[in-house]
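As structure tokens, the structure follows; a few thoughts come after it.
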Amino acid sequence: MSHSVLIVDDSATTRALIKRTIRVAQLPVGDVYEAANGKDALELLGCVKVDLVLADLNMPEMDGFEMTRRILADPALRLTPVVLVSAEPNAAQFAEHHSGIRGLIRKPFTPEGIRNLFNDILGVVHA
Amino acid sequence: MLEQNLNSAVEALAESLETMAFVSLLPFDEAPKAPATPIHVSIAFSGAATGQLELIADETLGSKIVANIMGLETGDPEAAKRSWDALRELANVTCGVLLPKIQNGSTEVFQMAVPTACAFDATAGWDAFVASPGVMVLDADGTPLALRIADRN
């Protein structure tokens, strides 16, 4: 079964790293969408359905804190798993206070961390 | 005075660079000259302490980071295209690793700004930058990487 993922991070380098990890690990991911800030991500989520959102927190325009709150408050989106991928020191506290957040990966992360995340959240079996 | 946390900042930078891009930091034996194409990256933070973390790095280090992350050749134009972005992300990650180290028992939550990057005039500013408090210059894959942590009023 192929899953779709939305990567939300203002760093194109980080988005590319996550995409590469997905490809190299041969994770069963079909469509990979990208957004550079929370505002663009919410617009995208209004048009496409995804199985997982990987969200940075520290972004311009609309940060990940606000984006995540809006996702969790939206009846159409609140069941979409959101995982934080962040360097923010208070990311763990934010995740604890929002039960809809399914996990947190601290930056700097390793490809193994991303692979394990996909296994935990989507139940995929990775190589 | 945040300058007292310089060692913690160096540790955070080393951890970030090694984990992100497999680039090690080494000390310089003698005072290095400015990078050939220096980029100045800055990220402000507030909370338990208010200050900013700055890096001055050669643009080629950013390309090297991208190349290592993406499995590209160092000279690949795709790596060069993202060099500034990679340096901003390095500052972002380094700051995130550093701030818990300087929490000093405070329960106040840290806030990080979005990092910014601009070209740096080495002729005018390198010597003054490296002579200022809270600065260390390290060897990152053969190029000088200057780090500064300082209070911000």
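Remarks
- Helix-derived mean residue ellipticity, 222 nm - over chain B, DSSP H n ≥ 4, -39500 (n - 2.57), to 500: -12000 deg cm²/dmol
- Taking the average, over residues, of other Cβ atoms within 10 Å as the packing measure, peptides A:90-99, B:119-128 rank A:90-99, B:119-128 from highest down.
- Shape class for the range B:47-153, computed from the alpha carbon gyration tensor (a ≥ b ≥ c): oblate, with a/c not under 1.5 and a/b at or below b/c.
- Exercise: per-residue mean of other protein chain Cβ atoms within 10 Å, B:90-102: 4
- Peptides B:93-101, B:141-149, B:74-82 ranked from most to least packed give B:93-101, B:141-149, B:74-82, packing being the mean of other C-beta atoms within 10 angstrom over each peptide's residues.
- Along chain A, longest interval not containing exposed trypsin sites (Lys or Arg not before Pro), exposed being DSSP loop plus at most 14 other Cβ atoms within 10 Å: A:79-127
- Whole-angstrom gap from the range A:51-66 to the range B:107-153, using each part's C-alpha centre: 26 Å
- Top of A:Gly38, A:Gly64, A:Gly46 by mean-square fluctuation, Gaussian network on chain A, Cα under 10 Å: A:Gly46
- Chymotrypsin sites (Phe, Trp or Tyr not before Pro) restricted to DSSP loop in the range B:18-118 with at most 16 other C-beta within 10 Å: B:Phe22, B:Phe28
- Averaged over B:74-85, number of beta-carbon atoms from partner chains that fall within 10 Å: 1
- Share antiparallel - DSSP beta bridges, the protein assembly as shown, percent rounded to 5: 65 percent
- The charge dipole of the protein assembly as shown, taken about the Cα centre with unit charges on the Cβ atoms of Lys, Arg (+1) and Asp, Glu (-1), comes to about 740 debye, rounded to the nearest 20.
- CD proxy at 222 nm, helix term only [per DSSP H run n ≥ 4: -39500 (n - 2.57); per residue of chain A; nearest 500]: -11000 deg cm²/dmol
- Cβ-based charge dipole, chain B, positive-most Cα from B:Val23, B:Ala67, B:Ser132: B:Ser132
- Rg over Rh [alpha-carbon atoms, Kirkwood Rh] for chain A: 0.92
- Distance between the pseudo-spin-label points of B:Gln103 and A:Val24 (7 Å out from Cα toward the beta carbon): 3.1 nm.
Each reported figure results from applying straightforward, stated rules to the coordinates on display, with no laboratory input. Everything quoted here is computed from the prediction, not taken from an experiment. Using ideal geometry, Cβ is built from the backbone for each residue, glycine included, and neighbour counts are taken over all protein chains shown.
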